[in-house]
Amino acid sequence: MRDLLQDKARVWEHLTRLAQGGDVARAYAPDAMAEIAFPYDTATGAQIAGFYADLTRALPDAEWRPEIFIAGDNHPDTRTTDRRFSPLVGSFGHWQGTFTEPLLGIQPTGGVVHLRMCEVHHLDSAGKISRAWILPDFLDLMDQAGQFPLPPMNGARGMWPGPRGGGGVRMGSVDEIGGAASMAQVLDMHNALNTHVGPDVSGLTMAHWDPNFMYYAAAGIGICRGVEGFRRNHQIPFREAVPDRHSRGHFVRIADGPFALTGGRLYATHTGPYLGMPATGRQVHIDVMDFYHFDADGLICENWLPFDVLRTANQMGVNLLPQDGG
C-alpha cells in the first residue's frame, strides 16, 4: 500500500522546485504524460519541459504558494473505462512572481502576478510524477495584465483566497474516514445536479450547500456568493449555453478530511451564447476540476472551479489568446 504522506511530501518538493526553475527531469518520469490547459495539450518529455520553461521565463522569480493540498486513493467511477490512477495528490495554489517576459503572447506587466495553478499528480514507484493534469488560469493572467478578451464577468474578479479558517494544506495526516463522508456528499450532490435538465433551476435542490457558500469560478465566470449568485452568474448561463452537457467519468475523485476534489471532461453541444460568444451548434468538451470545502455541518461552504475556458472557446471557433500566443 502506498504511503500517502510520503506521496504528499514528494509532490510538495517537486512543485516547489519546478516553480523555482528546477530540472523537470528530476520531477517527472521519462515516460510521464501530462494533460495541460490550452494551448498546451497532452504533453510528454520535451513538451512538458517546454511548458515549465515558458512559465519560468515569464515569471523568473516565482514561488509556488499552495492553498489546498490533499491526497487520497482515487474513488471508483463506473462511467469511465479509462485507466484509473491511484493514489493521487491534488493541489490548488498560485505561482506568484514578477511578470517580466511575454507568456503565450500575453504582454508582461513588470509587476507581481499570481497565476492560478490547479493540479493533480500520480507518482511512480521511484517517486517521480508519471501522470499529471494541470489547469493554469491563463485567462485570469490576461485579466491581471489588462488584456482581458471577453465581456466583463458576471461574477467578481480577483485572486482566489484559500479556505476559510485555513487548514487546506494537509501535510501532517490523511483523514480517509472524514474524506469518505466528504466524497459521498459530493457524489450525492452531483447526482442531484445531473438528473435535473434545462435552465429552469427553481426546483433544483441545493441542500448540500451552505446558503452563503462562496463559489470561486475561473476567469470569464468570476467569484459568486450564495445560491442566488451562483445561479445568476454561472449555473443558468452555463445550462442555457450547453443544455445537453454530460460526463463520461471523473479522472480524479479524492477526499481528505473536509476537502474533496473531482475532475473530468464534460461533453456538450454549444446551442446558446456563452461568455459573449454566440451559439455555434458545435460539439465541445470542457475540462474542469472542483475543489470542495465542507463546514462543520457537512455542507459545502466553498467551491473552487478551475475550468479550461480557453480550450472551450477555441472549440467554439474563438482563440482568446493574443494572435502571437499560438
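Values as computed for the structure displayed
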| item | result |
| --- | --- |
| Given (1) surrounded by 17 or more Cβ atoms within 10 Å (Cβ to Cβ); (2) over 23 Å from Leu305 (Cβ atoms), number of the condition Pro60 does not satisfy | (1) |
| Selected residue (criterion: surrounded by the fewest Cβ atoms within 10 Å (Cβ to Cβ)) from residues of segment 135-193 that are small (Gly, Ala, Ser) and over 27 Å from Ala255 (Cα atoms) | Gly146 |
| Positions within segment 278-317 being farther than 23 Å from Trp209 by Cα and of a type in the set (A, V, I, L, M, F, W, C), in sequence order | Ala279, Val284, Ile286, Val309, Leu310, Ala313, Met316 |
| In segment 308-326, the residues that are within 21 Å of the chain's Cα centre (by Cα) and either among the acidic types (Asp, Glu) or modelled with pLDDT under 95 (or both) | Asp308 |
| Cβ-Cβ under 6 Å pairs, at least 6 apart or on other chains, segment 237-254 side assigned by TED's automatic domain parsing to the domain that holds Val186, far side basic (Lys, Arg) and surrounded by fewer than 21 Cβ atoms within 10 Å (Cβ to Cβ) | Arg248/Arg79; Gly249/Arg79 |
| Listing of strands (runs of 3 or more DSSP E) fully contained in segment 209-326 that carry 1 or more residues being over 27 Å from Arg83 (Cβ atoms) | 209-217, 223-225, 259-269, 283-294, 300-305 |
| Matching residues, segment 239-290, being among the acidic types (Asp, Glu) and either farther than 14 Å from Asn74 by Cα or modelled with pLDDT of 95 or more (or both) | Glu240, Asp244, Asp287, Asp290 |
| Flag for Gln185 being within 27 Å of Leu88 (Cβ to Cβ) and either touching a residue at least 40 places away in the same chain (Cβ under 8 Å) or assigned by TED's automatic domain parsing to the domain that holds Leu15 (or both) | yes |
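The values are calculated or read from the model by the stated rules, or taken from the named source; none is laboratory data. Quantities reported herein were computed from a predicted structural model and do not represent experimental measurements. As a convention, Cβ positions derive from the backbone with ideal geometry for all residues, glycine included, and neighbour counts pool all protein chains shown.
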